[in-house]
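Note sheet for the following structure.
The values are calculated or read from the model by the stated rules, or taken from the named source; none is laboratory data. Keep in mind that this is a model prediction, so the values were computed, not measured. Using ideal geometry, Cβ is built from the backbone for each residue, glycine included, and neighbour counts are taken over all protein chains shown. These accessible areas exclude ligands, DNA and RNA; they are computed on the full protein's heavy atoms, side chains included. Shrake-Rupley method; radii C 1.70, N 1.55, O 1.52, S 1.80 Å.
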Amino acid sequence: MELAVLNAQGNETGRKVVLSEAVFGVEANDHAIYLDVKQYLADQRQGTHKAKQRNEVAGSTRKLKRQKGTGGARCGSILSPLFPGGGRIFGPVPRDYSFKLNKKLKQLARRSALTYKAQAGQIIALEAQQLDAPKTKAVVALAEALKVADKKVLLVLPEGNVNLQLSCRNLTYIKPVLAQNVCTYDVMNASALVMVEGAENVLNTLLA
């Protein structure tokens, strides 16, 4: 698959980039995408939730009433989960939500996600951008020229570009990321994939 390379004004430069069929044209695996996204979201969880159990609640341990003869249920302590202010039964405790996925499955998930974007025509090739200083206006103008200002944009860079990356930090709809760090969640979460010229070679090498 070939894509025309656009400049900052949204016009074709006459050059084209080649998207490898082994990365952007595979048979998509929805379950692999599901597992990879699930792992990504699980890794974002802090897992610091905590509820006090019966042995951790502060309060009196006096027996509330005699064991027999009251005509009611037996109760031994106000700390019982059955009473207001008592401990919680099977409450949440701190835990690690992360889990392991095989490397090949994660690569399949990324290839599947990129394939979906390629099939939907949501990938744009952009020539390398050089900014003298961080400037948000320049990125806003670039997004408008590429007609992606109203979309969630994943800006894929072949290598670090400090000024361009800093120019995006005040824009909530654009997320810059290095090609080597592209993950399935970011690809699926974006409605437009803008790849700076050269990024496709990194993806072709990593995922082919």
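Below is a table of values for the structure above.
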| item | result |
| --- | --- |
| Choice from G69, G87, G198 with maximal GNM fluctuation in the chain (Cα, 10 Å cutoff) | G69 |
| Proportion of all alpha-carbon pairs of segment 19-75 beyond 18 Å (%) | 71 |
| Residues listed by number, segment 125-153, amide nitrogen under 20 Å from Q9 label point at 7 Å toward C-beta | 125-132, 137-149 |
| Accessible solvent surface per residue of segment 56-111, calculated while the other protein chains remain in place, 1.4 angstrom probe, Å² | 77 |
| Among beta bridges that DSSP assigns inside the chain, antiparallel share in %, nearest 5 | 20 |
| At least 20 Å along the helix axis (C-alpha) and Kyte average at least 1.0, DSSP helices within the chain | none |
| Carbon/sulfur fraction of accessible area - the chain, other protein chains in place, 1.4 Å, % | 51 |
| Förster radius 25 Å - calculated FRET efficiency between K152 and T48 (Cβ-Cβ, nearest 0.05) | 0.30 |
| Residue of P134, P176, P94 that the Gaussian network model of the chain assigns the largest fluctuation, springs spanning Cα pairs under 10 Å | P94 |
| Out-of-range pairs (alpha-carbon distance over 29 Å; input K100/K151; K16/K152; K103/K135; K100/K135) | K100/K151; K103/K135; K100/K135 |
| Pairs from K117/K175; K104/K175; K117/K147 whose Cα-Cα separation, in the structure shown, is over 21 Å | K104/K175 |
| Of every Cα-Cα pair in segment 1-119, the percent that sits beyond 17 Å | 74 |
| Cα gyration tensor shape of segment 2-51, rounded if a/c is under 1.5, else prolate or oblate by comparing a/b with b/c | oblate |
| Hydrodynamic radius of the chain per Kirkwood, over alpha carbon pairs, in Å | 20.7 |
| Whole-number percent relative contact order across the chain, with pairs defined as alpha carbons under 8 Å at least 6 apart | 26 |
